[in-house]
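The values are calculated or read from the model by the stated rules, or taken from the named source; none is laboratory data. Here the structure is a predicted model, which means the values were calculated and not measured. When we count neighbours, we look across all protein chains shown, and the Cβ atoms used for this are built from the backbone with ideal geometry, even at glycine. These area figures cover heavy atoms from the full protein model, side chains too; ligands, DNA and RNA do not enter into them. Shrake-Rupley method; radii C 1.70, N 1.55, O 1.52, S 1.80 Å.
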Amino acid sequence: MRYSGTSAGILAAFAIATSLTLGVPQPVQAQPSQAHPSQSAETVRTAEASYPRLYQGWRAGVIVGTEVEGLLGEELGQVVDLVVGPDGRLESAVIEASGMLDVGEARFTVPWHQLMPGSVDGILAYPVTGPDTLDLIRRQQQAGSRPGDWRVSALIGQPANTAGGATEAGFFGTVEDLVFDRNGALKAVVVTPEPEGEGPYAVAWKAAALEPGLTSVTLQATPDQVKALGSFDAARMKEFNTARLNQGAQARQE
């Protein structure tokens, strides 16, 4: 990440060994946003994606990399990717199995709503045992991806364009992160402009559109409207707070 804030991870899972075809979701075209480039900066922000609200959520870059433990505290693996549905909601996490399970580089998917706070801050828990996980990996070997799902890893690092502006070909910067609320709804895309020196900026997901194949994201705004949002301070997010973790887990189960 190019901006400050916690660099560890928290949440997600899925797939099996590199040599196996495990139904990893393939990038697909998302429905374009209906936002218009002439809208005001406040519309680009939107009330539900204002910075104070975003600071209460989760960054994909923090979720990915988080260790996952099992029902008995055993090491199950580490979150390596997140799967988002066509409606912009976090569907599942892709977990690379721990070496303790002795299954090589196998991966498996876990529904987002089944992940819970771990025994210590900074880790997640999936309430199954090691043998249960091995059974899950075997069952998922022939699993297919759901139409419309896409992977966070495919979008991070891609170009972010603006719908109108003076920069060449509409290029504005790079997608640095995605921000979800506590219930797993995608709320904003975090973009670092190029050349560096300003930002990053968090633009409401409703004011963004995915290009086919997740090759880039187009912000339905001008560069000035994006910059008017002010810098997004990731250091203000508290993803690893145990009490808030429990609140988020409870909300997902309701």
Every residue from segment 174-184 that is open to solvent by 10 Å² or more (accessible area, probe 1.4 Å) and in a strand (DSSP E or B): T174, E176
Would you check which residues across segment 210-224 are in contact with a strand residue (DSSP E or B) (Cβ under 8 Å, 6 or more places away or on another chain), over 19 Å from G88 (Cα atoms) and open to solvent by 30 Å² or more (accessible area, probe 1.4 Å) and list them? T222
Of those in segment 193-209 that are over 28 Å from L115 (Cβ atoms) and touching a strand residue (DSSP E or B) at 6+ places or on another chain (Cβ under 7 Å), the residue most open to solvent (accessible area, probe 1.4 Å) is E194
With the first residue restricted to segment 202-223 and required to be closer than 11 Å to Q158 by Cα and modelled with pLDDT of 90 or more, and the second required to be of a type in the set (D, E, K, R) and in a loop (DSSP other than H, G, I, E, B), Cβ contacts under 7 Å at 6 or more apart or on different chains are V217/E211; T218/E211
Is it the case that segment 107-127 has a residue that's over 23 Å from V62 (Cβ atoms), at pLDDT below 90 and among the hydrophobic types (A, V, I, L, M, F, W, C)? no
Out of everything in segment 150-189 that is of a type in the set (S, T, Y) and more than 29 Å from S92 (Cβ to Cβ), what residue ends up being modelled with the lowest pLDDT? T167
Out of (1) over 30 Å from A207 (Cα atoms); (2) of a type in the set (S, T, Y); (3) open to solvent by 50 Å² or more (accessible area, probe 1.4 Å), the odd one out for S153 is which? (1)
Name the residues in segment 236-246 that are open to solvent by 30 Å² or more (accessible area, probe 1.4 Å) and either assigned to a loop (DSSP other than H, G, I, E, B) or at pLDDT 90 or above (or both), would you? R236, K238, F240, N241
Working only within segment 109-131, note down all residues that are touching a residue at least 24 places away in the same chain (Cβ under 8 Å), open to solvent by 20 Å² or more (accessible area, probe 1.4 Å) and in a helix (DSSP H, G or I). H113
Would you be able to tell me the number of residues in segment 65-89 that are assigned to a strand (DSSP E or B), of a type in the set (A, V, I, L, M) and open to solvent by 10 Å² or more (accessible area, probe 1.4 Å)? 1
Sort out which residues of segment 98-108 are in a strand (DSSP E or B) and either open to solvent by less than 10 Å² (accessible area, probe 1.4 Å) or among the acidic types (D, E) (or both), and write them in order of number. F108
With modelled with pLDDT of 75 or more and within 25 Å of A208 (Cα to Cα) as the only criterion, which of V64, V28, V24, V68 stands out? V64
